[in-house]
Amino acid sequence: MAFNSVISLFASAIGAAPGEIGELRKAWQVAADNGSQESLLAFICRERGVAEETFLQKLAALLNWPFLELAKLTVQPEARNKISTKVAFQYSVLPTAMNNGAVQVAVSNPFDTAMLNAVRFDARGPVEFALAPKVELEKALKRYYGVGAETLDEMDQEVAVDLDIPLDKEITEGDQEASVIKFVNQVIWEAFKDRATDIHLEPQEDELRIRYRIDGILHQTPMPPQLKRFQPAIISRIKVMSGMNISEKRLPQDGRINVRIKGEEIDIRVSTVPTVYGESVSLRLLSRGKIFMSLDKLGFSPKDEVAIREIIVKPHGILLVTGPTGSGKSTTLYAMLSTINSIQKRIITIEEPVEYELRGINQIAVRPDIGLSFAMGLRHILRQDPNVIMVGEIRDLETAEIAIRAALTGHLVFSTLHTNDAPSAFTRLIDMGIEPFLVASSVEAVMAQRLVRTICPICKTEQKVERSYLKKIGFPEDEIDATKFMRGTGCEDCRQLGYQGRLAIYELLLLNEALRPLILGRAASSTIAQKAMELGMRTLRVDGWNKVKNGITTIEEVLRVTQIEEHLDALGDNEKTGMWTRAEKT
């Protein structure tokens, strides 16, 4: 359609004056002369400050075309079969319905002659056009065709695929490489855009299922139905990228991929294991630019933050951070190290892997393949005159013994343990074989943590909760009336989940003279926990309730990541509420 015709339609829709039309014509000519690739429709919307959706709605009325809300629409399968995957993705068009033998196709730019002709030719029959915003079209294409569908369509036409083509270090949205490479790059690209921390490729009997872990929850990604046919090629490509042996399919393998996405360095840890229907592949995405957070941004209560700042400047002792895999322990430890990092302190870490490089800190990566274990590295670190040592994880007796010896000989040691709560760390060390008196004299504090999803700020709204339910789950009764409970209703920004991002909840146990006799006497973790709560320790659940009170997260999230502590089960309701109040006041 000619420019003057477009301008006329625009003038009718928006009410532009004749003088403004002339200015638009000149501006468009300048942009075209400068090599602009922007479409005429996008140019007009940008120049006049009009939202695309608003413009398209008015334009649809003038053209007598339907305007479609794709999020509320169900696409008919028979319509989808009328337009090839290649054309649909190349021109960002979506066949939506069949009307008396004609296929209805949603487009975002009715002035693109090449697109209109390609759609008519591909349909091989009558076509009725409708309008929809480009962003909504792209989302709908992935929802109905699956991620990478256009790439698999190309694979069908290829005789052979060269899997030895090296990975382009820069992954972008429009990679023009071989089809398998493009598909794998696109899967990683989509995971990055969705803020996923893990990608799982899981072979099933009749499909290759791909799931992303976003904010700690797994979500299945729509994939084309023919993906199963290309399973061997896709898995081989990932193994080539991560430096694995592609001919070995019987044994588990580990590898690593370093890529750059939109200028951001991404370290991808890859693991494969053989399953009944083929090799299952897991990719852990570590963004070096996002893992670091300062101590004041981690969500500590003011009292706990003061206590932590006092501990991390002590000359010796051990600070343990506990929690399951993926609970943010490394992020917390990095924040602590960054806070005390100075020219006067020699800080050495041993990690598996080094997830974030801190300037001024000496970091060692564990290498089991050459015998460099935590214990071996830690033993040699002590000869390097450190002030502060961080051990990625205490896994065995030897590592624990060396860490405790380091703490008792004038070093401040940071490390992690896999326990459910803070009091269990003492019994875990003793069960490893450490003498109770060594544990009691070396450990300064233990902090347990979990990650809860935070409510999406865009769709946050008040939630009504029954008082009987709140009492049943242990929410403090005297706080119910004063608390405004919030939740997310779901929107485009949060993928209709109601959550966006994560924050940690904490349980900080400070070792003191009242607790040491219990450790020396090998007391159960529940006994230690009860005593610590009497002295003011806030449990994970209590800290979670505080973040619910502040409108940060929901009741459901706190219940999902915490458990009812065994030592609370033996207490009456009045005692539980009383302990909660004491912990809050202190």
Nearest-20 debye value, the stretch 205-247 charge dipole, Cβ charges on Lys, Arg, Asp, Glu:
160 debye
If you take the beta carbon distance between V465 and D493 as r and set R0 to 22 Å, what does 1/(1 + (r/R0)^6) give as a FRET efficiency, to the nearest 0.05?
0.35
Carbon and sulfur %, accessible surface of the stretch 276-373 computed with the full protein complex present, 1.4 Å
55 percent
What length, rounded to one decimal in nm, is gained on full extension from L520 through to K139, with 0.36 nm per residue of separation minus their alpha-carbon distance?
131.2 nm
Non-local amide H neighbours of L372 (under 5 Å, H modeled in plane, Pro and chain starts lacking H): which ones?
R367
Suppose all protein chains stay in the model; what accessible area per residue would a 1.4 Å probe give for the stretch 285-374, in Å²?
46 Å²
3J(HN,Hα) from dihedral phi, the stretch 438-450, Karplus parametrisation 6.51/-1.76/1.60, rounded to Hz, x for glycine, proline
6, 5, 5, 8, 9, 7, 9, 7, 10, 10, 9, 8, 9
How big is D for the stretch 353-476, in µm² s⁻¹ as a whole number, if Stokes-Einstein is applied with the Kirkwood radius of its Cα pairs at 25 °C and 0.890 mPa s?
139 µm²/s
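Which translational diffusion coefficient, to the nearest whole µm²/s, is obtained for the stretch 437-495 from the Stokes-Einstein equation, given a Kirkwood hydrodynamic radius over C-alpha pairs, 25 °C and 0.890 mPa s?
In µm²/s, the coefficient rounds to 161.
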Whole-percent carbon and sulfur contribution to the accessible surface of the stretch 57-138 (1.4 Å, no ligands, DNA or RNA) stands at 47 percent
Starting from the Kirkwood radius over alpha-carbon pairs of the stretch 291-435, derive D by Stokes-Einstein at 20 °C in a medium of 1.002 mPa s and give it in µm² s⁻¹.
138 µm²/s
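The values are calculated or read from the model by the stated rules, or taken from the named source; none is laboratory data. All values reported here derive from a predicted model rather than from experimental measurement. Glycine also receives a Cβ, built like all others from the backbone with ideal geometry; neighbour counts cover every protein chain displayed. For the accessible areas, the whole protein counts, side chains as well, though only heavy atoms, and no ligand, DNA or RNA atoms are used. Shrake-Rupley method; radii C 1.70, N 1.55, O 1.52, S 1.80 Å.
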